[in-house]
């Protein structure tokens, strides 16, 4: 834990840095008595995500990145995860062509369980596996007004799983969208993206109907093609001057090729279904007193059940047996395994087996989330604003393959939260907030935050804050009993991942000191943040070599040992979870948004981290072994640059550059070298009689190949980013 008294130069160094950056625009009189509170909102981004209150970015208690529409249009990104490469400290990995994981300060596998992602207030976090199903989001980039990213824990506002950070995607009002929008993208990997939408404003009622179809071949050297489609309906209804009702529903379907050219990860097709329904009521008691009630339901289904070759076919493919005639390979394997006791047929009989295929289901599941929240925003006295509320949630997961039970597993949550902003003086803002949550079967967790912002003048703000957040174990981590089956689901053979203990939530404590600068005359905003983070009780997965596999009803000790050796041929023991890992991160992050004219933009982001920590590696013969290399799973540096210019003839050009240091992806991922990517985008705007058309050439990763997530010795387990080119056309009228 960072304590300021142990770091006497921490704040002074930050103040010196800020003084150097802002000395050119400090006025001779730094007193703020002549400035109103509203002055700070002029020409500054107004954000909603930090405290649930509408605030100037200079008033927020934590580091934030805002990706607005101009940045989205300038970027060469074709999806939201690629856009998030702009955010300092963010790590993006595509473990398949269209499926990504997004995390802040690393330490995430395919399912980044430490990030909260909201779309217009609706969480899209999956309660079973955790993480975000990015490929199933029914949202085109053209619908996004801005993306607000909280860099750091924000459980005081949004609860557990707002652990490493929060991504709040804010869509545009229906009334502000074109009546009809259509876009098409073609290019690398047989990419074919089509988006279309129609909106209508009928006075008190407005609606939008949108649809999308996406198809691509993924990475060139992988069998990871994808085909997805979605249909969505959104509406706003102004009941009267004080009441409004909004509703949204969508249905999503996708097919994703998966697997590798090996016996236990065959090439196959994963089917997914996703739908949600959301309704919200807004009621104004007065201009300063508002009530919002929101209810939503998310449903997610994934079908990934497949069969391997039979046992004898697997044996015939063993490298060490390739010099022998195929007809005797199975008998040689059996004799070697049993010390000459059995041939293949008698081995199967002794182990109560048949020559059947193995049955796997890595992620076959069904999940539901029902959430109800009531929020009240008010201003009880001058200079004090409060957002408080209550909420309830019901999560349910069902998977006979993952949990070895037909009954669904459910978990309820109740929460109470309060966030406040108090202008203690015209120059001092105090943000205080907390959330109390009660999870079924878990102890209550209390997540507080306190921040103080001091406006040196309207252009320069210093802040200091501390916060605590928790990440609850997912339904999967708490209940997994994943096995390899022989022939059918009634015959478990090998334990693969097993929950063996009651898990506690993992905890993060973060302390930060920052400076936010705003120079209106030059269109310049910049933010510097120094921080210390402590992660405790991290939910770690480790190999438990001592965990026995099913005994298949065998009682003979010799045959039990042979069964043990047979299972060891595939995997010894099983993976399991425990609360053990600890990580400390000290770092600095910087971002700059420079817009000297309406035609020019430069955005810079940088992060540098110093990481230490350890984790359990395995349990073998009653002895734990540890790995003190947490720094390898978190990139030390990230850098992002986005620059654009619009010419007189409607032509615009933008350049994006993204760098991530070498790192090792946890879970199924591998150690990958540094990621360095250069993008270019050329766009031509055509102003037609009743419409606007944009034609764009998009070039991604133009200067070198990059490895992403997978980088193993097997040729088909590399995700290689090659040079990519796309042609895109958009029509708005």
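What follows draws every value from the coordinates through simple rules; no lab data is involved. None of these values were measured; they are calculated from a predicted model. Backbone-built Cβ (ideal geometry, glycine too); neighbour counts: all protein chains shown.
Regarding the chain, what are the three Cα extents along the principal axes, ordered largest first, in Å?
That works out to 94, 63, 50 Å along the principal axes.
Could you sort 191-200, 151-160 so that the peptide with the highest average Cβ count within 10 Å comes first and the rest follow in order?
On the way: 191-200: 17.7, 151-160: 27.4.
Descending packing order for the listed peptides: 151-160, 191-200.
Taking N as the number of residues in region 576-733, what is its Cα Rg relative to 2.2 N^0.38 Å?
Ratio of Rg to 2.2 N^0.38 Å for region 576-733: 1.45.
Hey, can you rank 669-675, 631-637 by average C-beta count inside 10 Å, highest first?
Packing proxy ranking, top to bottom: 631-637, 669-675.
Note the angle between two axes, namely the Cα long axis of helix 326-338 and the longest principal axis of the Cα atoms of the chain, as a number of degrees from 0 to 90, rounded to the nearest 10.
The angle comes out at about 90 degrees.
Compute the angle between helix 557-570 and the longest alpha-carbon principal axis of the chain, please, reported from 0 to 90 degrees and rounded to the nearest 10.
40 degrees
Report P(r) for region 248-382: all Cα-Cα distances, bin width 10 Å, range 0 to the bin holding the largest distance, values in whole percent.
The distribution over region 248-382 is 10, 22, 18, 14, 12, 10, 7, 5, 2, given as percents.
Taking Cα atoms, how many degrees apart are the long axis of helix 10-22 and the longest axis of the chain, rounded to 10 and kept between 0 and 90?
Around 50 degrees separate the two axes.
Once you have the alpha carbon radius of gyration of region 68-141, what is it after dividing by 2.2 N^0.38 Å, with N set to its residue count?
Relative to the rule-of-thumb radius for its length, region 68-141 sits at 1.07.
I need the Debye-formula profile for region 158-275: one equal scatterer per C-alpha, no solvent, reported as log10 I(q)/I(0) at q = 0.15, 0.19, 0.22, 0.23 1/Å, two decimals.
Here log10 of I(q) over I(0) equals -0.91, -1.10, -1.18, -1.21.
To make sure I understand, if each residue's beta carbon is the centre and we count other beta carbons within 10 Å, what order do 215, 437 fall in, fewest to most?
215, 437
Considering only the chain, what is the antiparallel percent among its DSSP beta bridges, to the nearest 5?
Of those bridges, close to 95 percent are antiparallel.
To the nearest 0.05, what FRET efficiency results for residue 390 and residue 422 with a Förster distance of 22 Å applied to their C-beta separation? Each step should come with its number before you reach the end.
Working: r = 22 Å, r/R0 = 1.01.
After rounding to 0.05, the efficiency reads 0.50.
Taking the highest mean first, how do the peptides 457-466, 579-588 order by number of other beta carbon atoms within 10 angstrom per residue? List each step's numbers first, then the result.
Numbers: 457-466: 20.6, 579-588: 18.6.
The peptides rank, most packed first, as 457-466, 579-588.
How many nm separate the modelled label positions at residue 629 and residue 594, each set 7 Å beyond the Cα in the direction of the Cβ?
For residue 629 paired with residue 594, the spin-label model returns 4.0 nm.
How compact is region 516-574 by the rule of thumb for globular proteins, expressed as Cα Rg over 2.2 N^0.38 Å?
Taking N as the residue count of region 516-574, the ratio is 2.69.
Any chance you could get the radius of gyration and Dmax over the Cα atoms of region 313-358, in Å?
10.4, 29
Tell me, what are the semi-axes, in whole angstrom and largest first, of the equivalent ellipsoid of region 205-258 as set by the roots of 5 times the Cα gyration tensor eigenvalues?
Values for region 205-258, descending: 38, 8, 8 Å.
Distance between Cα centroids, region 579-616 to region 394-426: provide it in whole Å.
28 Å
I'm checking a number: the convex hull volume of the Cα atoms of region 393-503, normalised per residue, in Å³. What is it?
About 141 Å³ per residue, rounded to a whole number.
Take the alpha carbon atoms of region 279-317, find their center, do the same for region 690-709, and report the distance between the two centers in whole angstrom.
The two parts, judged by their Cα centres, are 30 Å apart.
Suppose only helical runs count, i.e. DSSP H with n ≥ 4. What mean residue ellipticity at 222 nm does that imply for the chain under -39500 (n - 2.57) per run, divided by all residues and rounded to the nearest 500 deg cm²/dmol?
About -2500 deg cm²/dmol.
For region 54-76 and region 91-131, what is the separation of their Cα centres, given in Å?
Comparing the Cα centres of region 54-76 and region 91-131, I get a distance of 20 Å.
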